[in-house]
Every structure is written in C-alpha cells, then in structure tokens.
C-alpha cells in the first residue's frame, strides 16, 4: 500500500487517510453513471487486466463497489476520489475527463502492479487506503510534442505514449508529422507524399557534424486508418491530438515528392532546383522552402482538407518555424509576389502565407497554432503561438491578445541532455536536469493577470534527431516528463519555493510504476551501460540558458 505522499502529479487536497483500507477484490463491482463510459471501459480493460479483477457490473448502492459519477459542482477535468468505510470507492468528476483523471489516481494508490498488463499475483486483494482526494488541473493544455518525422515511431509506439501521457494526466498530444526528413501521414489525393517523401536513403547518426551514418533506408508513415485509430485511442483517454503539418519551411520531403512546390525558377546550376532534391538525410534547417504560389496554396488546402477529416481538434499546428528566406530573396517569382501583395519584405511573405491558412482554417471552424516565428511580419488574427525560443514570443503574443502555449527550449525541450557527464548518450543542447524541469514556470512574471489568461498551458517537446527508437525516446522523456506533468497539472508554489526533495521522495514509488510500464527511463545515478552511445558526437552547449 502507498500513501497520498506518493502521488505524481501532486493533488491539491488530500484528507486523511483514515485508518484502514478498502479491499479491491474478486467481489468488487463497478457501477458507472451515464457519461462515464470511457472510464468504465478503461477500468475493466486496463486496471482490471493488470490486477486480474473482473470488476463486474453491479448496483449503484452496492457496499463493495467502485462508483463513477458526474457532478457539475466540479470543473470539467476536476474530480473527487473518496474511499470511505462501508462506502467503497467513489469517483466524482465535473466531466468525463475528470472521472478519468480520478481513475488514474486510484491506479496509483493500488501500487506498481496496477501498471502491468497482466496480474503477477492472481487472486490477491488490493488495498486502497481510506481518505478523500480533491484535485483538478492548473492548465487546460498539458501537452507533449512527439516528432515522428526525423525518426519514425510505429503506430504501436504512439499508442504506448498516449497511455504514458494518460498515466501522467497530460491531455494534448502534439503530433509532428512532417519535416525535411520525412512525411508521415497518408494524403490520398497526393500519394507521392508517402510513396517518395516518407523514406530516406540513409540517416546521420548523432549531431549533424558527426561523421557517422546509418547506411540503410529509414522511413514509414501512418495510413489514414492508423490515424483514425490513434485519434480514437487518444479520445478514450481524454487526450486531444493536434496534428502538425509544417509550412513554409521544413518542407524538403514534400518538395522532393512534388518538385513544383519548390522555388523552381532558381538557377539549376546552383544545385538548388527542386527536381534535384531527395528527402534530407541529415539534421538542421534545410534551405529549401515552399514557393509562395497559388499552386502551393491549393496543394496544401487539399492536404488540410484530409487532415481535418481525420483530426477533430480545435487547433491545427502549421509550424511556421525556421523558414530561411534566402531562396525567396533570390527567386524572381517570390519577389514578384511580394510586390504584387504590397508586402515590405520576405518576413511579410511568410506572414501572408500563414495568414492565408489562418483564414482558411477559421472558415472551417478550426484555429491555427504555430511556432513563435509566425509573429514575424505580423501575427494572423486568430492564430495561437507555441513559444519555443524562450519566453519573449509568448509574452508578445499574450500582450497582443493571442493565446499561447509555453514550451521554451531552455526549459522543456526533453531532447536536451539531462546531465553534463561524459556518459550521457549523444549530448544535445543545455543540461536540463530533473530539478530544472520541476522548477519551470509556464506563466511569465511580466504578464498581467489579464494577459496571463491567454496562457492556455504548457508543453514538453521531444525532437527525435538523435532518438532512433522508442528506447531512446524513453530515456530522454523520463523521468523529466513526470516532473513536467506536475508543473502542468498541480498548483505549485513559485519555482524557488517548490519542494524538489519531496518530489524526489515521491518519485521513488513512481520509478516502480515506470518499471512496471516498461519505460527505459534515465536512472537517478546515471545511464545504464546499454543506454550510453560511446563515440557518437552530440552538440554540447556550454553555459547557462538565456535569462528571461
């Protein structure tokens, strides 16, 4: 049995526990009110399977029961978990999501065995300590961005990460589906996007300055039915999937598949002609960007029509980051377009490009979100911003009345190394320890209370250039994603006042849950021998992160 002090993320209020415990066993029944069916299915299919308990349907007034109810006295994602003598277990949520998050807390009370896929102690009763937990999230956007373009993650791996998100009460899955190194989503009207754009002939191993190559093709993509399955699986866990289709930069894979999308009027002698491209096999920022033509707009409207059919999310992410302007500066056609539109410069051209799709999405009842470069040249009226280059972009956007998701690379880019030691595998970026992530504050102090209301929440990002498989993703994500989840969910004090020692104590139990889930996290003492990558160069950056 565990205590309330072992919960991750930390709940707002824990009363008790009173002495004693409720025994969850073979005779425990499950009663679910209308509207709580997703949690009912999850409890039987996941928790019941882990513990070998049938959780048969039973009457509402059964004493030895788990009961699920909706209660509009709570916020939509808030809940109260009650475990009381002669009353069994009751989870009340303000909405279906609140009930589900309460069930996740119940799972933690049941110990690490509740995180397995089959029982290791069949027939054993499971004690839940008496007490009451009242809880709810700080932010409505508690996100994880997973880049599957640089290294493809098969569908089963994506579903696994949705389960890991649910276990940590994260509720937005930002699905980075396209980039220079690969196009990962089937678009039926443009089949070459996956026939050509979904694989590359070889892959740089390590940082782009590394001399090492993996000399074999790499690729993969999700069919439209795969996407439907992923979205449905996420919805059952009250997770929204936000797709990202990157434009107008990070588009070399798309241009390789359809060269007419590139700036075809550039001098072929320079080797820049779109028809000479291949899907990029290294890392960095490709100079090849989309041509600002009507043909390009129509092409991506067709792409997005299929994307909207697959993803019901309010937001659609269109990237907008790291778009080099050199090709546009040298392209007569791009310069003519700037003049035709009466724009000041190439930044204005990117703003026009993003603005077109902002209006296009708005007309279809959706909202555009993009990386903070979309601020350059003027921000589209309805767009929201993912602030990744520090806090400045988010502050500017919030002050201008735009919604913001805070994900500054200096704090929550989990591809950055976790320690300065020589054993860290492919060390990238700043050192960001578990404590650094735990002390991250998503709402900048510079914002007024009114401006801060535009901060929808926060997101941790996993860019996979040096993560060739799910074991490397696990290592970079955990345990820091657990710390991030607490920042996103819990009502924590100011960063310097947070009890990191207490969090570390709670993590002792949580490592057991991660072990049961098969997560290849970084141990507190450092990487295990098989987690190291000796001889593979990274990109160390010395010194502290930029101050905000």
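The values are calculated or read from the model by the stated rules, or taken from the named source; none is laboratory data. What you are looking at is a predicted structure, and each value in this text was computed from that prediction instead of being measured. Cβ atoms come from the backbone with ideal geometry, glycine included; neighbour counts cover every protein chain shown.
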Inset, instruction - Report yes if some residue within region 180-196 is out of contact with any helix residue (DSSP H, G or I) (no Cβ under 6 Å at 6 or more places or on another chain), part of a strand (DSSP E or B) and assigned by TED's automatic domain parsing to the domain that holds residue 295; otherwise report no. - result: yes
Legend entry - region 69-107, residues that are surrounded by fewer than 19 Cβ atoms within 10 Å (Cβ to Cβ) and assigned to a loop (DSSP other than H, G, I, E, B): 71, 72, 73, 75, 76, 85, 86, 87
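Per-residue answers, yes or no, for (1) at pLDDT below 95; (2) over 23 Å from residue 235 (Cα atoms); (3) in the same structural domain as residue 510 (by TED's automatic domain parsing):
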residue: 37; (1), (2), (3): no, no, no
residue: 86; (1), (2), (3): yes, yes, no
residue: 112; (1), (2), (3): no, yes, no
residue: 115; (1), (2), (3): no, no, no
residue: 123; (1), (2), (3): yes, yes, no
Legend entry - Check on residue 479, in contact with a helix residue (DSSP H, G or I) (Cβ under 7 Å, 6 or more places away or on another chain), farther than 24 Å from residue 204 by Cα and free of Cβ contacts under 8 Å to residues at least 60 places away in the same chain: yes
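Sort through 244, 229 and tell me the only one that's outside the structural domain of residue 465 (by TED's automatic domain parsing), out of contact with any helix residue (DSSP H, G or I) (no Cβ under 6 Å at 6 or more places or on another chain), at pLDDT 95 or above and in a strand (DSSP E or B). If you could, list the steps in order and put the result at the bottom.
Values: 229 fails: in a strand (DSSP E or B).
Within the list 244, 229, the selection yields 244.
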Inset, instruction - Just need a number here: residues in region 53-80 that are modelled with pLDDT under 95 and on the phi > 0 side of the Ramachandran plot. - result: 0
Legend entry - The lone exception for residue 372 - which of (1) out of contact with any helix residue (DSSP H, G or I) (no Cβ under 7 Å at 6 or more places or on another chain); (2) on the phi < 0 side of the Ramachandran plot; (3) in the same structural domain as residue 261 (by TED's automatic domain parsing) it fails: (1)
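Does residue 520 qualify as being surrounded by fewer than 23 Cβ atoms within 10 Å (Cβ to Cβ) and within 17 Å of residue 6 (Cβ to Cβ)?
no
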Legend entry - The one condition in (1) over 29 Å from the mean Cα position of the chain (by Cα); (2) closer than 25 Å to residue 116 by Cβ; (3) without any contact (Cβ under 8 Å) to a residue 24 or more places away in the chain that residue 26 fails to fulfil: (3)
Inset, instruction - May I ask you to verify whether residue 316 is under 30 Å from residue 472 (Cα atoms), at pLDDT 95 or above, touching a helix residue (DSSP H, G or I) at 6+ places or on another chain (Cβ under 9 Å) and not assigned by TED's automatic domain parsing to the domain that holds residue 191? - result: no
